[in-house]
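One structure is given below, encoded as structure tokens.
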Amino acid sequence: MRLAVVIMAAGMGTRMKSRLPKVLHPLLGKPMLTHILTAVQPINPAQIVVITGHEADQVTARLNSEPELAGLPLEFVLQSPQLGTGHAVQQAQSALAAGGADAVLVVYGDMPLLTTQTLQQLLTAYQSGTGPLVMLTVTVDNPRGFGRVVRNDAGFVTAIVEEVDCTPQQKAIRELNVGAYLFNARWLLKNLPNIPLSAKGEYYLTDLVGMAVAQGLPVQAKQLADPLEAIGVNTRVHLAEAEHALRRRINRRWMEAGVTLLDPATTYIDSTVQLGQDTVILPNTHLRGQTIIGQNCRIGPNSFVENSTIGDRCQIKFSVIENAVMEDDVDIGPFGHLRKGAHLASGVHMGNFGEVKNSYLGPGTKMGHFSYLGDATTGADVNIGAGTITCNYDGVNKHKTVIGDHTFIGSDTMLVAPLNIGAHAKTGAGSVVTRDVPDNSLVYGVPARPKKENSQTLE
Ligand code: UD1
Ligand code: CA
């Protein structure tokens, strides 16, 4: 069976009160639309038509730049003006006719929690039935303004009625229209043009249900097992609910995969993050973007890791890690900050109040207290004394500092870049190093000078 998908994303999203189109509002770092497209991908549609309207260019540009959507058979169709969900699908008529699908899955772009399994169940129900359409419903206490599913005495679905058009009796119905439908393509294309104009001045997609019933055709309703999947985001309150539900889903998946979350309620893991076995995440930790964390790590509490790669057996306490790499057995914190381009090789120890930017710290290097390294490279087993700072910026340009293997940088050393410090060299406490230091030598003072061969004391 050749399958097409239509995703509606043209609406204003008025109730969000936002300049950003509703369907681009992020959940765990990704736009709502990306979530729904990611759920659709595994059912292998031959064609995906996205209906855009409000801020169409922004929506198209964003979807085209999402790495996880590359390779999807996406097409964009403009709906202008936006006269309702039925009108939205009418705009896809010629694209659908050209695509030649046998069946069409229609979903709303504001339903980011729908899962692939549910869509698959809808497909299975459609294939085992004979009707022109299968719809998804959910039964919950709070109707949240959803369309009500009306059934006759025999229990068959006869119509979907929008809340504004409900009689008081219909308003009391608790079976709701979720907003995912599977249509026979031929039937859909034939009937789309006949949707009547509603009292509200819109063309409702949901009227197709009543139209099928009027033609004597069966409408199947598939009940959603997990009501959380039905969260449709109309307001920022719904957005927070959806975020919460999605976060719980992701956290549960990681716990089932062998990651300990001490307090899942305060653990924030983007859907794009990867975690290794037996890693422990402590409370109030945010793992964001393209972050990969290895096995047996201990992350948190109170840490923020974004777009970073962390090896095995690492520890991060009360720290911020952004666009950085930590190899195996690295520990940082409390209160460390790795910025863009920081790369800590295996076994590096970085204690409290350290900051590293665009720098490589060689294996086994120790930087225990109050230091800043920017645009620097250290060799292996370097000791960076408390308070050491690379003076990498002269007010106009940034300069590099290179520190050799087994070097001992004394406490409170100022390394005025550009600068090379040789292997096995030492700097005295408080020195301001303005010139290169040869291998195996000691410099000290302000500005730093080499120690004379046979002087007994450091002056
Ligand atoms: C819709 C359903 C309702 C269902 C609910 C589930 C209709 C008439 N109503 O109501 O039965 O219970 O979803 O969440 O279908 N859109 C367009 N073009 C338009 C109008 C809307 O593309 O002209 C898009 C929106 O961007 C949005 C989606 O369609 O992604 C749904 O629109 P929305 O206004 O949120 O519909 P609901 O009132 O929630
Ligand atoms: Ca909605």
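The values are calculated or read from the model by the stated rules, or taken from the named source; none is laboratory data. In this text the structure is predicted, and so the values were computed from the model without any measurement. Don't worry about glycine lacking a Cβ; one is built from the backbone with ideal geometry, like all the others, and counts go over all protein chains shown. For accessibility, only protein heavy atoms count, side chains too; no ligands or nucleic acids. Shrake-Rupley method; radii C 1.70, N 1.55, O 1.52, S 1.80 Å.
Return the FRET efficiency for the residue pair THR158, THR266: r is the Cβ-Cβ distance, R0 is 41 Å, and the value is rounded to the nearest 0.05.
FRET efficiency, THR158 to THR266: 0.30.
Quick query: amide H of THR137 versus all other amide H atoms, modeled in the peptide plane; which residues come in under 5 Å with a sequence gap of 5 or more or a different chain?
VAL178, LYS222, GLN223, LEU224
Using +1 on the beta carbon of Lys and Arg, -1 on that of Asp and Glu, and nothing else charged, what's the dipole of the chain about the Cα centre, debye to 20?
Magnitude of the dipole: close to 580 debye.
Set the Förster radius R0 to 35 Å, insert the Cβ-Cβ distance between LYS17 and ALA95 as r into 1/(1 + (r/R0)^6), and round the FRET efficiency to 0.05.
Computed FRET efficiency for LYS17 and ALA95 comes out at 0.65.
Carbon and sulfur together cover what percent of the accessible area of the chain at a 1.4 Å probe radius?
The computed percentage sits at 52.
What number does segment 109-173 give for Rg over Rh if you use C-alpha atoms and the Kirkwood radius?
Numbers: Rg = 13.6 Å, Rh = 13.7 Å.
Here Rg/Rh amounts to 0.99.
Which is farthest toward the positive dipole end of the chain among GLY99, LEU74, PRO193, measuring Cα position about the Cα centre, with Cβ charges +1 (Lys, Arg) and -1 (Asp, Glu)?
Farthest along the dipole direction, towards plus: PRO193.
Taking the Cα centre of segment 204-317 as the origin, how large is its charge dipole in debye, to the nearest 20, when only Lys and Arg (+1) and Asp and Glu (-1) carry charge on their Cβ atoms?
Its charge dipole is roughly 240 debye.
Once the dipole of segment 1-155 is set up with Lys and Arg at +1 and Asp and Glu at -1 on Cβ about the Cα centre, which of PRO21, ASN64, LEU37 lies farthest towards its positive end?
With unit charges placed on the Cβ atoms, the residue in question is PRO21.
With +1 on each Lys and Arg Cβ and -1 on each Asp and Glu Cβ, how big is the dipole of segment 3-230 about its Cα centre, in debye rounded to the nearest 20? Could you put the intermediate results ahead of the total?
Details: 15 positive and 17 negative charges, 46 e Å.
Here the size comes out at about 220 debye.
Which residues among segment 152-185 fall inside the zone where the amide N is under 20 Å from a point 7 Å beyond the Cα of GLN223, along Cα→Cβ?
Flagged as within label range: 152-161, 170-182.
Enter the accessible area per residue of segment 236-450 (Å², integer; probe 1.4 Å; all protein chains in place). Could you put the intermediate results ahead of the total?
Numbers: 9340 Å² over 215 residues.
I get 43 Å² per residue for this part.
Show the residues, 5+ positions off or on another chain, whose built amide H is closer than 5 Å to the amide H of ILE310.
ILE292, ILE293, GLY294, MET326
Gain in length, THR116 to GLN169, computed as 0.36 nm per residue apart minus the alpha-carbon separation, to one decimal in nm?
Using 0.36 nm per residue and subtracting the Cα-Cα distance, I get 15.7 nm.
Given LYS366/LYS451; LYS17/LYS200; LYS317/LYS400; LYS17/LYS340; LYS30/LYS357, which pairs have Cα atoms separated by over 23 Å?
Numbers: LYS366/LYS451 25 Å; LYS17/LYS200 21 Å; LYS317/LYS400 29 Å; LYS17/LYS340 34 Å; LYS30/LYS357 27 Å.
The answer is LYS366/LYS451; LYS317/LYS400; LYS17/LYS340; LYS30/LYS357.
Among HIS349, PRO450, PRO301, pick out the residue whose Cα is farthest towards the positive end of the charge dipole of the chain, where Lys and Arg carry +1 and Asp and Glu carry -1 on C-beta, about the Cα centre.
PRO301
Please report the orientation-averaged projected area of segment 236-450, defined via the convex hull of its C-alpha atoms, in nm². Intermediate results must be reported in sequence, preceding the final value.
On the way: hull surface 47.8 nm².
Value for segment 236-450: 12.0 nm².
Mind jotting down a quarter of the surface of the convex hull over the alpha carbons of segment 221-286, in square nanometres, one decimal?
So the Cα hull casts an average projection of 5.6 nm².
Amide H to amide H under 5 Å from PHE76: which residues, 5+ apart in sequence or cross-chain, H placed 1.01 Å off N in plane?
Under 5 Å from the amide H of PHE76: VAL50.
Excluding HIS406 itself, what net charge comes from residues whose Cβ is under 12 Å from its Cβ, given Lys and Arg +1 and Asp and Glu -1?
It works out to a net charge of -1.
Rounded to two decimals, what ratio of Rg to Rh does segment 301-360 give with C-alpha atoms and a Kirkwood Rh? Mind dumping the intermediate values first?
Details: Rg = 9.6 Å, Rh = 10.7 Å.
In segment 301-360, Rg relative to Rh is 0.90.
Kindly provide log₁₀ I(q)/I(0) values, in the same order as q = 0.11, 0.12 Å⁻¹, from the Debye equation applied to equal alpha-carbon scatterers of segment 3-230.
Here log10 of I(q) over I(0) equals -0.51, -0.61.
How large is log10 I(q)/I(0) at q = 0.20 Å⁻¹ when the Debye formula is applied to the Cα atoms of segment 140-253, each weighted equally and without solvent?
Scattering profile of segment 140-253, log10 relative to I(0): -1.19.
For the chain, what is the convex hull volume of the alpha-carbon atoms per residue, in Å³?
So the per-residue Cα hull volume is 161 Å³.
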